[in-house]
Structures are given as structure tokens and as C-alpha cells.
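The values are calculated or read from the model by the stated rules, or taken from the named source; none is laboratory data. Nothing here was measured: the structure is a model prediction, and the numbers come from that model. Here the Cβ positions follow ideal geometry from the backbone for every residue, glycine too, while neighbour counts run over all protein chains shown. Protein only, heavy atoms only, side chains kept; ligands, DNA and RNA dropped before computing areas. Shrake-Rupley method; radii C 1.70, N 1.55, O 1.52, S 1.80 Å.
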Amino acid sequence: MEQRHLGRTGLRVSRIGLGTLTWGHTQESDAADLLKVFWEAGGSLVDTADVYGDGEAEYLLGRLIERLVPRRDLVIATKAGSVPDPDRRFDGSRGHLLYALDASLTRLGTDYVDLWQLHAFDPCTPLDETLQALDIAVSTGRARYAGISNFSGWQLAKAATWQLAAPGTRTRLASTQMEYSLLQRGVERELLPAAMDLGVGLLPSSPLGRGVLTGKYRTSTPADSRGGSEHFAPFVAPYLDDAASRVVDAVATAADGLAVTPLQVALAWVRDRPGVTAPIVGARNAQQLTAALSVETLSLPDEICQALDDVSAPVHRYPDQDWSTL
């Protein structure tokens, strides 16, 4: 699998990443199959978080490292900052973040993570305090690189600029992880331009529109799908409206014309967008993952990309366009 630099850093990662959001609800044997298939295909970037399955995803990944795949072959990325508190969803305090990192390392059974990410912006904590936790993590060797997740455009720009301009030894932000697909192009409004300008690589989550872009929901909801499960149905539901259906139909038409699958078309589109480093794919089983990894040999023709851009284009007016033309 092709390797790409993560942002403006020396870290190289596979251009498709493996997500573990559902590993808290996955059998160890199934997770082992996923990790083995991914590694054998040349994949290296494995993304998790301390809250996935209340820590079970990290714990499961840790059990598989070395026993199944050498630690040195993986780029392990995890996150901290989300908390199970209805009154405060995110805790970006230095104390909480560093405590959470140490707990993640224990569950993962490793001395360091390759990429440590702030899971979300915490408006209740001064940003410089939050960012100092990244500096401490890297300077103490507990993390090799640092990134963010779910920051808006101005939040990313402020954080990345602070790390580049503030005095002292600061850790450059390597990445931002955001949802990005043909069904969710909101990052193109301000966040993606800021990330590209500041040298921050984009790691798209849910690149298949939470599974909807595979076409599996075009006529019904499969009982064995996430949309058919009580736990994940609310996660899929926002992308089952008429607007999404038009995009899915266009993807299916393109797939038919290219003699490939809708999954391959949707994943290739987001993988090769400007500023994207590696989409994070969350497969339910090895068969699904193998299908996703088969996109490695596919490059969409310019005409197909343009048609998909047109049918899925979000409305961006003032102030994104030149104000004088409005």
C-alpha cells in the first residue's frame, strides 16, 4: 500500500487507515482477522481512542500487538479528551489528558503511541494548557507525534498557529481527524483550507458516509448492518434522507460504468482529495475490509470526480466566495 507523509512531518502512514470504533463490540478473533488482513495488505495506521468501548478497543488492540503483528510495523493513533460526563463532554485539562494517555499506554501494552490526538475542543480549558499536554507527551517520549480531532476551522487555525509561533519547544500539529465523505463535505468550508495552509494532514473518518455510500441501504436496511443494530442505528440515520439517496445513486452509476463497486468509488474519491492523508475505514469483518483495501489499484477518472463533486457539492456562499461577486 502506498505510504504518505502525515501533514508536514516525517511520519509516513498507509493511505488507508484501520478504525476501531466498534472494537468494544467485536470478538477478539474478528479483530485479529481485521488486523492481520490490514497488515498483510501493507496497512500501518491503526486508529483508536480511550473511549471506544470504554477502553476495550485499546485493550483488544494491545492484546493483538506482538502476538499477531509486530509493534514496529504499526502506526498506532489514539485519542483523549472525551469523557462520560453529561455535564461536560470534553476535558482538555492538562491533568486529565496526561492521566488518560498513561491509561491508554497501559491498555495498549506499549511505551508510546505514534500519534496522540485531542479528541475534541474543550471550551472550558485555556487552549494553551490543552496544547501543553501535547508538548509534554512528546517531550517525554510517550507520543511521537500529536494531532487533533473534531476542531472547527478557527479552532484548528488557532491551535496550529500557537504551536508554530509560541516561544519554547512546541510540538507541530501533524493531523486533524474529521468526518469527510461525499455525504459530509463540511470540512471543505474552512477547516480543510486551514489545514492545508498550516501543513496539517487530514484523516477522514466515516469516509463511506457511515456505510451508506456502499449502497447497502438503497432499498432496505440489512438486519446485520450497523443501521439495523440498536446501538448504531442512530449513527447511520442522518444519512438516509433524500439528498443522500441522490448522491448514493450517482456513486452507484459511476461504479457501474467503471465495473467496480460503490464502496470503491466513494473511498477512492475521498482518499485522493486535496489535503487528505488517509481515510480511516471501520470494517465489521475481514471480508468488508478486504473489499475496502481493494481500492488501492483504483484511480477515478477526472470526469467521474467532477460529476460526483457536482452532485454532492455543499452550498458555500458568503464569506467563502469572493464577496464582490455576491
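Below are the figures for this structure:
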{"read-out": "For the chain, with +1 on Lys and Arg beta carbons and -1 on Asp and Glu, the positive-most of THR9, PRO222, LEU97 along the dipole", "value": "THR9"}
{"read-out": "For PHE90, distant residues with modelled amide H under 5 Å away", "value": "VAL83"}
{"read-out": "Selection from GLN132, PRO167, ASN285 lying farthest towards where the dipole of the chain points positive, charges on Cβ", "value": "PRO167"}
{"read-out": "Global form of the chain, assessed from the alpha-carbon gyration tensor, a/c cut-off 1.5", "value": "oblate"}
{"read-out": "Average projected area [Cα convex hull, the range 179-326], square nanometres", "value": "10.0"}
{"read-out": "Percent accessible area from carbon and sulfur atoms, the range 1-109, protein chains only, probe 1.4 Å", "value": "47"}
{"read-out": "Accessible area in square angstrom per residue, the range 97-244, 1.4 angstrom probe", "value": "42"}
{"read-out": "Relative contact order of the range 260-306, defined on C-alpha pairs under 8 angstrom at six or more residues apart (%)", "value": "46"}
{"read-out": "Dipole-positive endmost among VAL248, PRO84, THR106 within the chain (Cβ charges, Cα centre)", "value": "THR106"}
{"read-out": "Within the accessible area of the range 120-252 (1.4 Å probe), percent carbon and sulfur", "value": "53"}
{"read-out": "Net charge of neighbours whose Cβ lies under 15 Å from the Cβ of LEU300, counting Lys and Arg as +1 and Asp and Glu as -1", "value": "-4"}
{"read-out": "Estimated 222 nm signal from helices in the chain, with DSSP H stretches of n ≥ 4 weighted -39500 (n - 2.57), rounded to 500", "value": "-11000 deg cm²/dmol"}
{"read-out": "Dipole magnitude of the chain, debye to nearest 20 (Cβ charges: Lys/Arg +1, Asp/Glu -1, about Cα centre)", "value": "540"}
{"read-out": "Accessible-area order (highest first, 1.4 angstrom probe) of the listed residues SER225, SER152", "value": "SER152, SER225"}
